[in-house]
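First comes the structure, then the notes that go with it.
The values are calculated or read from the model by the stated rules, or taken from the named source; none is laboratory data. Every value quoted in this text rests on a predicted model; they were computed, and no experiment measured them. Virtual Cβ from ideal backbone geometry, glycine too; neighbours counted across all protein chains shown.
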Amino acid sequence: MRGRVVVARAAQRAIAVGARARSVRVPSLTSSPVPAIAAVGPVELTVSDLDRSLDFYTHALTFTKVSETEVAGEAIERLNGVSGARIRQARLRLGDEEIELSEYLVPRGRPRPVGARSNDRSFQHIAIIVADMDKAFAVLQQNKVEFVSTGPQTLPAWNPNAGGIQAFYFKDPDGHTLEILRLLPGKGAAKWGLPSDRLFLGIDHTAIVVGDTDTSLAFYRDLLGFRIAGTSENYGVEQERLNNVLGARLRITSLRAANGPAIEFIEYLAPRDGRPFPPDEHANDLVHWQTTLVAADIDGVARTLRERGAPFISPGAVKLPDDRLGFARGLLVRDPDGHVMEVVQK
């Protein structure tokens, strides 16, 4: 492990993010109390064909469709930073957790970058907990998913925090990476060990590739109030085969709010050749993910983020005309690496 976060060092870094390469200034340890994020979720993915994606997630992975809506108008355009946007969106649930699939009917965004790899800075996935890895892998094979991993991997016993965990990476119909994960008793939330008649149980975390863990901690922990829930350093042939990155050595840090799935940082200590986040990425592009953060005081969160130089996609907290998206006000902002967070107030 590389040691604990040194916020003073992180504060000196200027990080180019999004279309506007603005520096993100992080607070010192003596900064004032941060506005609390009450919950994480749902995680949203942009898709090219909502019907195709619904079929995959509900039939192959047994998500349940909760709602579907179509939205347009000035507030939607300002929220997402896409002029003329008309979006068909569905919310799905697996266990206690939810995702959203968003198809931009207009304007259509760009396809995924060719040759994307797991150590690219734009990488994000959700980790779906399964009751039985062999059975879950068989279901994915039957549905002819595209592999990322060579096959299910069991992490080695020498790793005290990850040893014995089984994992497999694959892709959805649009090339979004997903993970199935089988945890051992005592690793992860207690609910994953409860008896169940389901094979796919729920979402443990969403993982994002970060360039520097200390800088990301200064954003998520020190600005947004997340707590560190676990750390690990993973390497070896099993990790290489899981991520499909030769020589992969990862610093992993898991953070949680009071409710919802964790946000997991994946910092590639090696190799360091992952591509940076696309500087001109937009919400209608198929590389796009965004993670919802529920705030009790969105104005306080917005003020803190703006004071620290975080790049906003929305002009500020946007008031929606109705409750079809499940919240009253929201904003999109980028983290130090370019990953999009949707802060909402219900």
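Considering (1) more than 20 Å from the chain's Cα centre (by Cα); (2) part of a strand (DSSP E or B), say which one Gly316 fails and leave the rest.
Evaluating Gly316 over (1) more than 20 Å from the chain's Cα centre (by Cα); (2) part of a strand (DSSP E or B) leaves (2) as the failure.
Restrict the check to region 328-336 and report whether at least one residue is of a type outside the set (Ser, Thr, Tyr), outside any strand (DSSP E or B), under 26 Å from Ala229 (Cα atoms) and in contact with a His (Cβ under 6 Å, 6 or more places away or on another chain).
No, region 328-336 contains no residue that is of a type outside the set (Ser, Thr, Tyr), outside any strand (DSSP E or B), under 26 Å from Ala229 (Cα atoms) and in contact with a His (Cβ under 6 Å, 6 or more places away or on another chain).
Examine region 282-295 for a residue that is on the phi > 0 side of the Ramachandran plot and touching a residue at least 24 places away in the same chain (Cβ under 8 Å), and state whether such a residue exists.
Scanning region 282-295, I find no residue that is on the phi > 0 side of the Ramachandran plot and touching a residue at least 24 places away in the same chain (Cβ under 8 Å), so the answer is no.
Restricting the search to region 158-188, which residues are hydrophobic (A, V, I, L, M, F, W, C), without any contact (Cβ under 8 Å) to a residue 24 or more places away in the chain and within 17 Å of Ile252 (Cα to Cα)?
Residues satisfying the conditions are Trp158, Ile165.
Out of all the residues in region 126-179, which are of a type in the set (Lys, Arg) and under 16 Å from the mean Cα position of the chain (by Cα)?
Selection gives Lys171 alone.
Mind listing just one residue for me: the one in region 201-237 that is surrounded by 20 or more Cβ atoms within 10 Å (Cβ to Cβ) and among the charged types (D, E, K, R) and, of those, modelled with the lowest pLDDT?
Asp222
What single numbered condition from (1) under 17 Å from the mean Cα position of the chain (by Cα); (2) aromatic (Phe, Trp, Tyr); (3) at pLDDT below 95 fails to hold for Trp192?
Looking at each condition in turn, Trp192 falls short on (1).
For Ala72, which of the numbered conditions (1) within 13 Å of Val106 (Cβ to Cβ); (2) in contact with a Ser or Thr (Cβ under 8 Å, 6 or more places away or on another chain); (3) surrounded by fewer than 16 Cβ atoms within 10 Å (Cβ to Cβ) fails to hold?
(2)
Hey, which of the strands (runs of 3 or more DSSP E) in region 200-266, taking only ones fully inside, have at least 1 residues that are more than 13 Å from the chain's Cα centre (by Cα) and small (Gly, Ala, Ser)?
Because the criterion is at least 1 residues that are more than 13 Å from the chain's Cα centre (by Cα) and small (Gly, Ala, Ser), the strands (runs of 3 or more DSSP E) in region 200-266 that meet it are 200-210, 227-235.
Quick check, is Phe277 assigned to a strand (DSSP E or B), surrounded by 16 or more Cβ atoms within 10 Å (Cβ to Cβ), under 15 Å from the mean Cα position of the chain (by Cα) and of a type in the set (A, V, I, L, M, F, W, C)?
Spelling it out, it is not the case that Phe277 is assigned to a strand (DSSP E or B), surrounded by 16 or more Cβ atoms within 10 Å (Cβ to Cβ), under 15 Å from the mean Cα position of the chain (by Cα) and of a type in the set (A, V, I, L, M, F, W, C).
Residues of region 280-300 being farther than 12 Å from His339 by Cα and either in contact with a His (Cβ under 9 Å, 6 or more places away or on another chain) or part of a loop (DSSP other than H, G, I, E, B) (or both), which ones?
Asp280, Asn284, Asp285, Leu286, Ala296, Asp297 - these are the residues of region 280-300 that are farther than 12 Å from His339 by Cα and either in contact with a His (Cβ under 9 Å, 6 or more places away or on another chain) or part of a loop (DSSP other than H, G, I, E, B) (or both).
Give me a count of the residues in region 283-313 that are among the small types (Gly, Ala, Ser) and more than 29 Å from Pro113 (Cβ to Cβ).
Total satisfying the criteria: 4.
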